[in-house]
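Colleague: One structure coming up, written as structure tokens, with questions to follow.
The values are calculated or read from the model by the stated rules, or taken from the named source; none is laboratory data. Just so you know, these numbers come straight off a predicted model, no measurement behind them. Cβ atoms come from the backbone with ideal geometry, glycine included; neighbour counts cover every protein chain shown. Remember, those area values only see protein heavy atoms, side chains included, never the ligands or the DNA or RNA. Shrake-Rupley method; radii C 1.70, N 1.55, O 1.52, S 1.80 Å.
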Amino acid sequence: MMRDVIPAHDLPSAARAPGKCILFGEHAVVHGKPELLLAIDLYAQVGVRPAPELLLNGHRSGARGHRYLQSALARLWAGEVPIDVTVASRIPKASGLGSSAAFVAALATTLVAAHGGAPRAVLAQEAFTIERSAQGVGSPGDTSASVAGGYLTLNSQSPHQGVALWDVAADGRRWGVRRVADPGWTWVVAYSGIPKDTGPLVRAVSARFAGEDGPALLDRFGEVAEDGIRAVAAEDREEVGRVLTRNQELLRAVGVSHPRLEALLAAAGPSVLGAKLTGAGGGGSIVALPREGREVDLVRRLARAGGVPFVVRPAPSGVELV
Ligand code: PMV
């Protein structure tokens, strides 16, 4: 059972946090529309120990330019002893699978623990504030998934919105984060090998949403996400597959697909009920719902098409001290 509170722990300490995969609603969630995502069983582990000076994996150079590390230290470690931060992660960087959110959640957990601990809801806000100040834009979906684990909805108005976990705020906007039941499915994600930069993609899509047809387009993202949330609650795999495909059409329309992602989606074709890009797009990864018993075939197809596939299950609990 996941503890609602991160307990106190002196340095040295370490924490492990899961990455994430967005099923429905990326980009539109930044503007208050619903999202459904899950924490996945690819983890980042961060260790923190006192050191003569600030180090990242034992080196001085990496720590200096690391936006997320610097942002976390500015927020949670100002005036404290220098530390060596070590990272071991199975989540490919800049892949849309939540590597930065998992890093931030795990690092923030060790720092918060050294200050006497904190409720998970406080940690979710801290992790989001840190990620947002490093990235400049974004929603709290990724960081909340790393903190909470399981399946989460943001901003859903549907009867299937789930049980309230916490609200997270930034710049006058609030996102309601809720937990929904795990339908017990296995997902396949595949990294295209093309790293993406979330900030510029979110800004470009925001400009698109500010255009004449922007509000109507945003509403369509919202409807698709609510349909997806309903279909997952109903454990209707065929319908979830169809909604994934509809969401991909909208993501294409706002210009965040990529030829490499389209090649992976085409390769997945016969083995899946539906598939789409996941995360900011412009590279990064796809997520696919395999047809029953076709997981291995799907992994082969995606690898042959040049992807780096992972068979993933939901990470049942969020970040923990280890
Ligand atoms: O950084 P990524 O690829 O995991 O994308 C996050 C999803 C966005 O909706 C595009 C941004 C956000 O913070 O919600």
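Colleague: Here's a check for you: in the range 128-149, which residue that is of a type outside the set (A, V, I, L, M, F, W, C), open to solvent by 10 Å² or more (accessible area, probe 1.4 Å) and under 21 Å from residue 22 (Cβ atoms) is nearest to the chain's Cα centre (by Cα)?
Modeller: Of the range 128-149, the ones of a type outside the set (A, V, I, L, M, F, W, C) are 129, 131-133, 135-136, 138-144, 146, 149.
Then keep just the ones that are open to solvent by 10 Å² or more (accessible area, probe 1.4 Å); that gives 129, 132-133, 135-136, 139, 142.
The next check asks that each one be under 21 Å from residue 22 (Cβ atoms); those that pass are 129, 132, 135-136, 139, 142.
Details: 129: 15, 132: 13, 135: 14, 136: 16, 139: 10, 142: 3 Å.
Looking at residues that are of a type outside the set (A, V, I, L, M, F, W, C), open to solvent by 10 Å² or more (accessible area, probe 1.4 Å) and under 21 Å from residue 22 (Cβ atoms), I get 142.
Colleague: Are any residues in the range 201-218 in contact (Cβ under 8 Å) with a residue 24 or more places away in the chain, open to solvent by 30 Å² or more (accessible area, probe 1.4 Å) and away from the ligand (no atom under 11 Å from the Cβ), and if so, which ones?
Modeller: 208
Colleague: Oh, and also: How many of the residues in the range 291-306 are open to solvent by less than 40 Å² (accessible area, probe 1.4 Å) and in contact with a Ser or Thr (Cβ under 6 Å, 6 or more places away or on another chain)?
Modeller: The qualifying residues number 1.
Colleague: Which number in (1) open to solvent by 30 Å² or more (accessible area, probe 1.4 Å); (2) over 20 Å from the mean Cα position of the chain (by Cα) marks the one condition that residue 309 misses?
Modeller: Among (1) open to solvent by 30 Å² or more (accessible area, probe 1.4 Å); (2) over 20 Å from the mean Cα position of the chain (by Cα), the lone unmet condition for residue 309 is (2).
Colleague: When residue 197 is evaluated against the numbered criteria (1) more than 16 Å from the ligand (Cβ to nearest atom); (2) at pLDDT below 95, which criterion, by number, is the only one it fails?
Modeller: (1)
Colleague: Name the residue that is least open to solvent (accessible area, probe 1.4 Å), counting only residues in the range 94-127 that are within 16 Å of the ligand (Cβ to nearest atom) and of a type in the set (S, T, N, Q).
Modeller: Among residues in the range 94-127 that are within 16 Å of the ligand (Cβ to nearest atom) and of a type in the set (S, T, N, Q), the one least open to solvent (accessible area, probe 1.4 Å) is 95.
Colleague: Also, quick follow-up: Can you give me the ranges of the helices (runs of 4 or more DSSP H) entirely in the range 43-139 with at least 2 residues that are touching a residue at least 24 places away in the same chain (Cβ under 8 Å)?
Modeller: On the way: elements: 60-64, 67-76, 99-114, 120-135.
Qualifying helices (runs of 4 or more DSSP H): 67-76, 99-114, 120-135.
Colleague: Every residue in the range 17-62 that is acidic (Asp, Glu) and either within 16 Å of the ligand (Cβ to nearest atom) or in contact with a Gly (Cβ under 6 Å, 6 or more places away or on another chain) (or both), please.
Modeller: Hits for the range 17-62 are 26, 35.
Colleague: Turning to a different aspect of this structure: Applying the selection to the range 275-305, what residues are in contact with a Gly (Cβ under 7 Å, 6 or more places away or on another chain) and on the phi < 0 side of the Ramachandran plot? Break it down into steps so the answer makes sense when it comes.
Modeller: Step one: of the range 275-305, the residues in contact with a Gly (Cβ under 7 Å, 6 or more places away or on another chain) are 277-280, 284-285, 289.
Correct list: 277, 278, 280, 285, 289.
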